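The values are calculated or read from the model by the stated rules, or taken from the named source; none is laboratory data. This structure is a prediction, so every number in the text was calculated from the model and none was measured. Reconstructed Cβ throughout: ideal geometry from the backbone, glycine too, with neighbour counts over all protein chains shown. The protein model used for the area step is the full one, side chains on, heavy atoms only, and it has no ligands, DNA or RNA in it. Shrake-Rupley method; radii C 1.70, N 1.55, O 1.52, S 1.80 Å.
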Amino acid sequence: NSFCTLLVGNMRAALPRIRYIAVAETTSTLDLCRDTLAEGGVDGVLAVTAERQTAGRGTSGRKWASPAGNVLLTVAMPKRLIPDAVLPVYPLLAGVAIHGCIASAVAGVAQPPRVQAKWPNDVLIDSAKASGCI
């Protein structure tokens, strides 16, 4: 639909240039992503995953330590791949898109969990935070 087209923008041009980093443990996937970008050499999208993070941060610097068993992912996309009209609200749109993906994925389950969007860009599953976009 047009919402997804607007959200994705020019990302298809970067798909051949996705750099993926997976680690067992890091202080924060966001920190690892920022450090990797600062080193240079990333031309397109950068995705960083970890099995555990020991010093993640959420809204207002709240600590977010995550033991093994969670999906920890930070994705960075160059601003040039995001349409100017979307840039100011991109985290909000990403949260809505993630909510839609999770809700669609569990729709066929016999007793699906409750999937909610929480303002401005979090996704909750059965009242527990599952995703946040910054």
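Pairs please, first residue from region 32-58 and without any contact (Cβ under 8 Å) to a residue 12 or more places away in the chain, second anywhere and surrounded by fewer than 16 Cβ atoms within 10 Å (Cβ to Cβ) and of a type in the set (D, E, K, R), Cβ atoms under 8 Å, 6+ apart in sequence or on different chains.
Qualifying pairs under 8 Å: none.
Could you count how many residues in region 19-45 are touching a Ser or Thr at 6+ places or on another chain (Cβ under 6 Å) and closer than 12 Å to LEU73 by Cβ?
Final tally of qualifying residues: 5.
Can you tell which of VAL42, VAL48 is assigned to a loop (DSSP other than H, G, I, E, B) and either touching an Asp or Glu at 6+ places or on another chain (Cβ under 8 Å) or farther than 14 Å from ASP122 by Cα (or both)?
Result of the check over VAL42, VAL48: VAL42.
Yes/no matrix, rows are residues, columns are (1) open to solvent by 80 Å² or more (accessible area, probe 1.4 Å); (2) in contact with a helix residue (DSSP H, G or I) (Cβ under 7 Å, 6 or more places away or on another chain):
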{"site": "TYR20", "(1), (2)": "yes, no"}
{"site": "THR26", "(1), (2)": "no, yes"}
{"site": "VAL42", "(1), (2)": "no, yes"}
{"site": "VAL45", "(1), (2)": "no, yes"}
{"site": "THR74", "(1), (2)": "no, yes"}
{"site": "LEU81", "(1), (2)": "no, yes"}
{"site": "PRO91", "(1), (2)": "no, no"}
{"site": "VAL106", "(1), (2)": "no, no"}
{"site": "VAL109", "(1), (2)": "no, no"}
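Please go through (1) touching a helix residue (DSSP H, G or I) at 6+ places or on another chain (Cβ under 7 Å); (2) open to solvent by 80 Å² or more (accessible area, probe 1.4 Å) for CYS133 and return the number of the only condition it doesn't satisfy.
(2)
Look at region 116-130 and say how many of its residues are in contact with a Pro (Cβ under 6 Å, 6 or more places away or on another chain) and open to solvent by less than 80 Å² (accessible area, probe 1.4 Å).
Going through region 116-130 one residue at a time, the tally reaches 2.
When both residues are 6+ apart or on different chains and their Cβ atoms are under 8 Å apart, which pairs have a first residue that lies in region 111-134 and is of a type in the set (S, T, N, Q), and a second that is open to solvent by 80 Å² or more (accessible area, probe 1.4 Å)?
GLN116/SER127; ASN121/ILE134; SER127/ARG114
Can you find a residue in region 52-71 that is within 24 Å of VAL23 (Cα to Cα), in contact with a Gly (Cβ under 6 Å, 6 or more places away or on another chain) and open to solvent by 50 Å² or more (accessible area, probe 1.4 Å)?
Yes, because at least one residue in region 52-71 is within 24 Å of VAL23 (Cα to Cα), in contact with a Gly (Cβ under 6 Å, 6 or more places away or on another chain) and open to solvent by 50 Å² or more (accessible area, probe 1.4 Å).
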